[in-house]
Each structure stands twice: as C-alpha cells, then as structure tokens.
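Structure, as structure tokens:
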Amino acid sequence: MRIGIVCYPTFGGSGVVATELGVELSKRGHNVHFLTYKKPVRLDTSLENIHFHEVHVPDYPLFHYQPYELALSSALVDMVRLHKIDLLHVHYAIPHAYAAYMAKQMLAEYQIEIPIVTTLHGSDITLVGSHPFYKPAVTFSINHSDIVTSVSKSLRSDTLDIFKIKKDIQVVPNFIDIDKYETLRTNCSRDQLAKPNERLVTHVSNFRPVKRVHDVLSVFTKLNKEVQSRLIMVGDGPERSSAEEYAKELGLTDVVDFVGKSNDVYRILCSSDLFLLPSQRESFGLAALEAMAARTPVIATNEGGIPEVVEHQISGYLSAHGDVDTMAANATELLTNEAQLQQFKEAAFTRAKVFDIQKIIPLYIDIYKKALL
Ligand code: GMT
C-alpha cells in the first residue's frame with residue numbers, strides 16, 4: 001500500500017504513535033509518506049520506503065492567522081496525485097481530519113477517491129475539540145472520515161458523549177516496540193543520572209497544565225523525606241518555568257534535574273525505579289507505557305484511559321488526580337520494599353508486552369484493507 005500519514009511533528013504522543021506506525025509499516029514493505037510542517041522528531045527519513053513532505057504556509061501581511069489547513073489540504077492533493085497514494089491516515093482530529101476531508105473533495109474532481117482513516121488521540125477531543133468554536137468542524141470531520149479509531153475505550157466513550165457521532169469508533173490501543181526496548185536495555189547505564197544509593201524517579205511530559213507537573217514535585221517532596229531519591233523531569237512546555245520555581249521553593253534544587261526535551265528518553269527510563277504521571281486526564285498515557293516497557297512501574301491517576309494501561313497494585317498504583325498524599329504514600333511503600341519493587345518492575349514489563357507493536361500493527365493494516373474495499 002502507499003499510505004499518507006498526517007500528524008504533528010512534535011514530542012507529543014500522537015506524533016510519536018504516527019511516526020512509529022509509519023516506520024513499522026515501511027519495514028513491512030508499504031510505502032509511507034509523512035506530511036506535516038516539520039520533520040517528526042522521531043522520524044529517520046533515510047529509512048527505506050519512508051518519505052517526508054513538508055507543508056509550507058507562505059506568510060502574507062494580510063493574514064493575522066496562517067491558513068495552515070488550506071496549505072495542508074492543497075499539499076495533500078498534490079501528494080496523493082503525485083505519489084499515487086492509496087489511503088490517508090490522519091492523526092489528531094484538529095485540523096488534520098478537516099483538511100483531509102477537503103482534500104478528498106478536491107481529489108474527487110480528478111476522479112480520485114481516497115479513503116480517510118482518522119485516529120483520535122485525546123486532547124483533540126477532550127480538551128480542544130470540545131470547545132464550541134471547534135465542535136461543529138470536529139463533529140463534521142469525524143462523521144466524514146471513512147474509518148475512525150480511538151486509542152482507548154475511554155476516549156471512544158468520551159467522543160460519543162461529547163459529539164453527535166454517527167460513525168462506529170474502533171479502539172486501537174497505542175503500542176510500543178518491545179524488541180527495540182530490549183535491545184536498548186543492553187546499553188542501559190544509570191551512573192551519570194543518579195548516585196548508587198539514590199532511587200531514581202522520572203516524569204516525562206509536555207508540561208501542559210493537564211499534566212499537573214506541580215503534583216509531580218509535591219509527591220516527590222514527600223517521597224524524598226522518606227527515601228533517598230532523585231527526580232528527573234524530562235520535557236518542556238508552558239509550566240516548565242513555574243515548575244522550576246516551585247522546585248526551588250520546595251528546596252529540591254539538589255535532587256531534581258530539569259533536562260528539557262529529549263530524544264533519548266529510554267536512557268533515563270531504563271535506569272528509573274518509578275515513573276510519575278499525575279495527569280488530570282490522559283486518553284491513554286503513552287509516556288506510562290514507554291516507562292513500563294523499560295521495566296519502570298508507574299504511579300498515575302485513575303483518569304481517562306490510564307487504567308487501561310496501568311494495572312492498580314500490579315504494574316503501578318492509581319489514585320484520583322490531585323491526591324498527592326496517596327501517590328506519595330504508594331511511591332514510598334514501593335521504593336522501600338526491594339522485593340515488591342522488583343515484582344512491580346517485572347509486572348510493568350509483562351503489561352507493556354500486551355501493547356507490543358507486532359500485535360497492534362495488524363489491526364491498523366486490517367483497517368486500511370477495510371477502508372480500501
Ligand atoms: O497530552 C499529550 O501529551 C499530547 C497528546 C498528543 O496528542 O500528542 O497526547 C494524547 O495522545 C497520546 C497518544 O495517543 C496519548 O497517550 C495521551 O494520553 C493523549 N493526551 C491526552 O489525552 C491529554
């Protein structure tokens with residue numbers, strides 16, 4: 001198949017899922033064309049069967065807002081015609097599903113019928129898409145996609161609750177390349193990250209308010225009073241500077257490292273003893289799955305799709321968002337009981353294997369075949 005993938009190129013989970021999906025499809029002999037405004041961070045464009053096309057939005061003094069959807073839909077038309085693309089898979093409803101619908105209409109003028117598969121990722125539904133300013137367009141684009149998928153049951157149910165959806169939504173969970181994690185494990189070294197007697201705790205996010213990064217620091221403060229430990233905060237975003245300030249106020253400067261965005265998250269995760277994800281909402285929580293694939297148990301909230309990934313009291317602990325006392329108590333219990341910690345680490349890895357890329361990719365391939373019928 002010749003598959004066109006539209007995604008955000010940033011560090012966010014939807015871009016990562018789209019990139020890893022495209023790369024795996026390319027390994028299986030499919031031709032994959034990525035279309036976005038910048039090369040996706042995890043995409044290696046030198047790989048066989050992988051192509052990257054950049055969307056350019058020319059600046060013009062009249063525009064207060066750049067018309068990205070317009071440029072994207074025009075670029076989609078060109079890409080589909082030039083490279084004889086069979087199918088478009090768009091990740092994140094806003095504005096990708098909308099631009100794909102417009103491209104589909106334009107391509108009909110050339111007697112080209114292109115199926116659209118839309119994957120909903122979370123904030124495109126629960127945080128941004130539900131805003132009254134976007135809702136009609138998001139509802140329309142979902143209803144006019146040929147096939148719609150969501151990354152968790154919870155997101156499927158939220159979508160059906162929030163929008164008037166006339167289509168079936170198929171749940172295809174996010175995935176992880178277990179083999180890649182196992183290969184990387186052979187080079188895992190924690191020497192530069194923490195002292196031998198410190199437990200290593202990690203958080204990875206885009207530091208948006210929904211991630212509740214201040215809760216990460218509050219939990220860690222309580223934990224650090226009981227257990228000698230170090231916290232690594234990976235990522236960047238709107239709340240990074242206030243989080244750094246808060247860490248200073250809490251007197252954590254010597255035990256918390258803010259390392260910014262990283263392309264090498266595995267190196268940190270494989271050395272970690274615990275991963276903290278106290279989000280207010282997560283449709284899935286790909287960061288938690290990545291931690292678990294690196295054998296790191298997770299303390300998270302029982303919100304959205306997280307309970308579909310992390311099993312309470314087995315591969316981690318779940319509690320209500322904002323309940324930093326319970327999170328800290330669970331973290332302390334786990335990090336002070338070596339046998340239990342080892343058990344949770346193994347359980348985290350066992351759980352991650354359920355989401356192995358080799359199990360999930362065939363689900364997408366079946367969906368593509370269905371869309372092409
Ligand atoms: O919230 C983020 O970190 C970014 C966002 C995105 O679109 O990249 O993540 C969403 O999609 C991920 C991949 O499917 C999910 O793992 C995240 O849970 C989801 N974020 C939210 O629902 C808030």
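The values are calculated or read from the model by the stated rules, or taken from the named source; none is laboratory data. Please read these numbers as outputs of a predicted model, since none were measured by experiment. Positions of Cβ are generated from backbone atoms using ideal geometry, with glycine treated the same way; all protein chains shown enter the neighbour counts. Accessible surface is based on the protein model in full, side chains and every heavy atom, while ligands, DNA and RNA are left aside. Shrake-Rupley method; radii C 1.70, N 1.55, O 1.52, S 1.80 Å.
If you check TYR317, TYR364 for being hydroxyl-bearing (Ser, Thr, Tyr), closer than 30 Å to ARG2 by Cα, under 22 Å from the mean Cα position of the chain (by Cα) and surrounded by 17 or more Cβ atoms within 10 Å (Cβ to Cβ), only one passes: TYR364.
Taking the criterion of being under 30 Å from ASP86 (Cα atoms) and not in a helix (DSSP H, G or I), would at least one residue in region 284-302 satisfy it? For region 284-302, residues under 30 Å from ASP86 (Cα atoms) and not in a helix (DSSP H, G or I): present. Among the residues examined, SER152 qualifies as out of contact with any Lys or Arg (no Cβ under 8 Å at 6 or more places or on another chain), closer than 28 Å to ILE357 by Cβ and within 15 Å of the ligand (Cβ to nearest atom).
If you go through region 165-185 and keep only what is closer than 21 Å to LEU120 by Cα and β-branched (Val, Ile, Thr), you end up with ILE165, ILE169, VAL171, VAL172, ILE176. Residues considered: VAL17, VAL6, VAL77, VAL41. Of these, the only one that is assigned by TED's automatic domain parsing to the domain that holds ILE147 and away from the ligand (no atom under 15 Å from the Cβ) is VAL77. Whether any residue in region 124-142 is in contact (Cβ under 8 Å) with a residue 24 or more places away in the chain, within 16 Å of the ligand (Cβ to nearest atom), farther than 13 Å from ILE94 by Cβ and open to solvent by less than 30 Å² (accessible area, probe 1.4 Å) is what I want to check. Looking through region 124-142, none of the residues is in contact (Cβ under 8 Å) with a residue 24 or more places away in the chain, within 16 Å of the ligand (Cβ to nearest atom), farther than 13 Å from ILE94 by Cβ and open to solvent by less than 30 Å² (accessible area, probe 1.4 Å).
Would region 282-298 turn up any residue that is open to solvent by 60 Å² or more (accessible area, probe 1.4 Å) and under 23 Å from the mean Cα position of the chain (by Cα)? For region 282-298, residues open to solvent by 60 Å² or more (accessible area, probe 1.4 Å) and under 23 Å from the mean Cα position of the chain (by Cα): absent. On inspection, ALA293 qualifies as under 16 Å from PRO173 (Cα atoms) and away from the ligand (no atom under 13 Å from the Cβ).
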